[in-house]
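J.: Attaching a single structure in structure tokens format; questions to follow.
The values are calculated or read from the model by the stated rules, or taken from the named source; none is laboratory data. In this text, all values refer to a predicted model and were calculated from it rather than measured experimentally. We place every Cβ from the backbone using ideal geometry, glycine too, and count neighbours over all the protein chains shown. These area figures cover heavy atoms from the full protein model, side chains too; ligands, DNA and RNA do not enter into them. Shrake-Rupley method; radii C 1.70, N 1.55, O 1.52, S 1.80 Å.
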Amino acid sequence: RANGDIEFDHVSFYYNENEPVLKDISFKVESGKMVAFVGATGVGKSTIVSLMERFYDPVSGSVRLDGKDIRDITVKSLRENISMVLQDVFLFNGSIYDNIAYGNPSASHDEIVKAAETARVSDFVCKMPDGYDTIIGERGVRLSGGQKQRIAIARAVLKNSPILILDEATSAVDNETEALIQQAIDELSKSRTVIVIAHRLSTVMKADNIIVLENGRIAEQGTHNELLKLGGIYAKLCNVNSDRIKAEM
């Protein structure tokens, strides 16, 4: 089991040689901290996550976990230390209980229920006639977007890996549901390294470090308040969304 320290050391990457996606990216995430990536579509946010999980390897530079180049770690071991919650959640046609248990098939009943409580799944399960035995349909067709996301987070909680990646995990939900999901994320960030990719700034404001990407490079980084004072790209994004941010603060 890893501690969860992540480092990108002068990483560059491209899918097509003449179209670089990431250019000389360097940053560190300490175990138990939250880092968020923001920027326009296509600036390389999801590519960074793909490199962390070794779906691709850097063209140059290295990605390290606990100081070790992840190319020297087996893919199985690496991915056992990472949980992901994506915008497009995969759920199978079974019960809510079984969909959560998929995160750790050997978990006890109490562990599954506790994971559901952490992810605020219990908030809506208690209103269903069959509770945790409710059949959700293919790909969770009988659930709302926010309910699906909370089940996915509960699954990640149950897996109990030291690294949690949230890739646009709140993009398809309303403000009230986002607030519930954010509570779950806050709970998780106390004991895990959390990587967040989001367009909604309310999701990233509490991050220990916010990295702003532009044209495949790191344009700015710092806390929410530090970046506001800087008056750059992030501050402009906040100004565009100022009314919403004020309401949520």
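J.: Where Lys and Arg each count +1 and Asp and Glu each count -1, what net charge lies around Asp69 among other residues with Cβ under 12 Å from its Cβ?
T.: -1
J.: For the chain, modelled as a GNM with alpha-carbon contacts under 10 angstrom, which of Val59, Val121, Val212 fluctuates the most?
T.: For the chain, modelled as a Gaussian network with Cα springs under 10 Å, the answer is Val59.
J.: To the nearest 10 degrees, how steep is helix 175-188 against the longest Cα principal axis of the chain, on a 0 to 90 scale?
T.: So the inclination is approximately 80 degrees.
J.: Here's something else I'd like to know. Say a paramagnetic label sat at a point 7 Å from the Cα of His199, along Cα to Cβ; which residues of the range 82-110 have their backbone N under 14 Å from it?
T.: 87-88
J.: Assuming R0 = 30 Å, can you tell me the calculated FRET efficiency for the pair Glu138 and Gln87, based on Cβ-Cβ distance, to the nearest 0.05?
T.: Calculated transfer efficiency: 0.95.
J.: Want the number for Leu228 to Phe27: 0.36 nm per residue separation, take away the alpha-carbon distance, what's left?
T.: Answer, rounded to one decimal: 70.4 nm.
J.: A further question follows. Using 0.36 nm times the number of residues separating Asp9 and Val59, minus their current alpha carbon distance, what extension gain do you get?
T.: Value of the extension gain: 16.8 nm.
J.: Please calculate the 1.4 Å probe accessible area of Tyr56, with all protein chains present, and give it to the nearest 10 Å².
T.: Here the accessible area works out near 100 Å².
J.: Here's something else I'd like to know. Skipping prolines and chain starts, which residues have an amide H placed within reach, meaning under 5 Å, of the one on Val59, given they are 5 or more residues away or on another chain?
T.: The answer is Ser12, Phe13, Tyr14.
J.: Pairs Lys33/Lys190; Lys23/Lys76; Lys114/Lys148; Lys114/Lys190: which exceed 19 Å Cα-Cα?
T.: From the list (Lys33/Lys190; Lys23/Lys76; Lys114/Lys148; Lys114/Lys190), the Cα-Cα distance tops 19 Å for Lys23/Lys76.
J.: Students sometimes get this wrong: rank His10, His224 by accessible area, probe 1.4 Å, all chains present, largest first.
T.: Order by accessible area, largest first: His10, His224.
J.: Using only the alpha carbons of the range 91-249, determine the length spanned along each of the three principal axes and report them from longest to shortest in whole angstroms.
T.: That works out to 51, 30, 26 Å along the principal axes.
J.: Just add up the charged neighbours of Met84: K/R +1, D/E -1, any other residue whose Cβ is under 12 Å from the Cβ of Met84.
T.: -1
J.: Less than 14 Å Cβ to Cβ from Glu187, Lys/Arg counted +1 and Asp/Glu -1: what total charge do the surrounding residues give?
T.: For residues surrounding Glu187, the net value is +3.
J.: Between Asp186 and Lys206, with labels modelled 7 Å along Cα→Cβ, what's the label distance in nm to one decimal, could you check?
T.: Output for this residue pair reads 0.4 nm.
J.: Counting only the heavy atoms of the protein chains, how much of Val43 is accessible to a 1.4 Å probe, in Å² to the nearest 10?
T.: Val43 exposes around 20 Å² with every protein chain in place.
J.: Working from Cα positions, state the angle (0 to 90°, nearest 10) between the long axis of helix 145-159 and the longest principal axis of the chain.
T.: Compared with the principal axis, the helix lies near 80 degrees.
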